[in-house]
Amino acid sequence: MTNEMWMAIVSNDASYDGIFYYAVKSTGIFCRPSCKSRPPKRENITIFKSSDEAIAANFRPCKRCKPKSGKLPDEEWISVITQYIDRSYMENLSLAHLAQISHGSPYHLHRIFKKTTGQTPVEYIQMIRIEHAKKLLVTSQLTISEAGKNVGLHNTPYFITLFKKLTGITPAQYRQTASSQHQGGYGL
Ligand SMILES: [Zn+2]
């Protein structure tokens, strides 16, 4: 167990929920980091990456923090939405549309998305689009404008501005840098 994990357990830090679980030898029970139960002795703790692993090692889920379900309901909900974005990034995505397909209000979606991922839905969509655009610029002969359209950014000046905002360089500079690195042959 790392000091970081120990600190998360002692401070009941919910941001580590879903990242690891801790089991206590003396009680045979395992918990989420955020569990409000009394902090156990450090030497009694075993760390697991998933609730399934803890159960396989014969630990029982805590009745208080209910770690058996693995992901928290919010995380489950948001992962459905990020998977949808990952598949549909080239389409016309809006917060209202995402809210509709995920059966929530745009306001609630925005808030929970940000809380769960650290990004707003729009920031996440932009990031995914630019990641795909980077691949297209390096692996295809598409023009800058076509590359933008292929990832759902139909307004070319906006595509270039956004690309530069997220990567620090323009799509043309990115393509040039990437191709010169490929031809260099020395790698890193
Ligand atoms: Zn617990």
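What follows is calculated from the coordinates using simple rules that are stated; it is not laboratory data. A quick note: this is a predicted structure, and the numbers were derived from the prediction, not measured. FYI the Cβ positions are ideal-geometry reconstructions off the backbone, even for glycines, and counts take in every protein chain you see.
Net charge dipole, the range 43-114: roughly 340 debye, given to the nearest 20, about the Cα centre with Cβ charges of +1 for Lys and Arg and -1 for Asp and Glu. What the Cα convex hull of the range 43-188 gives, in volume per residue, is 191 Å³. Candidates Gly18, Ile81, Phe30 compared by Cα position along the dipole of the chain: farthest toward the positive end lies Phe30, with charges placed on Cβ.
The simple spin-label model puts a point 7 Å past each Cα toward its Cβ; for Arg111 and Ser88 those points are separated by 2.4 nm. What is the log10 of I(q)/I(0) for the range 5-52, computed with the Debye formula using one identical point scatterer on each Cα and no solvent, at q = 0.17, 0.22 Å⁻¹? Log10 I(q)/I(0), no solvent term: -0.38, -0.66. Each label point is 7 Å from the Cα along the Cα-to-Cβ direction; what then is the distance between the points at Ala57 and Asp13, in nm? That separation, rounded to one decimal, is 2.0 nm. Listing Ile47, Ile130 from fewest to most neighbouring C-beta atoms within 10 Å gives Ile47, Ile130. Convex hull volume of the C-alpha atoms in the range 28-70, normalised per residue: 71 Å³. Full extension of the segment from Thr46 to Ala96, taken as 0.36 nm per residue of separation minus the current Cα-Cα distance, would add 13.7 nm.
Note on Leu162, Leu153: ascending count of other Cβ atoms within 10 Å places them as Leu162, Leu153, the fewest first. Shape descriptor for the range 1-95: Rg over Rh equals 1.11 (Cα atoms; Rh from the Kirkwood inverse mean 1/r). Normalised by the number of residues in the chain, the mean separation of alpha-carbon contacts (under 8 Å, six or more apart) gives a relative contact order of 13 percent.
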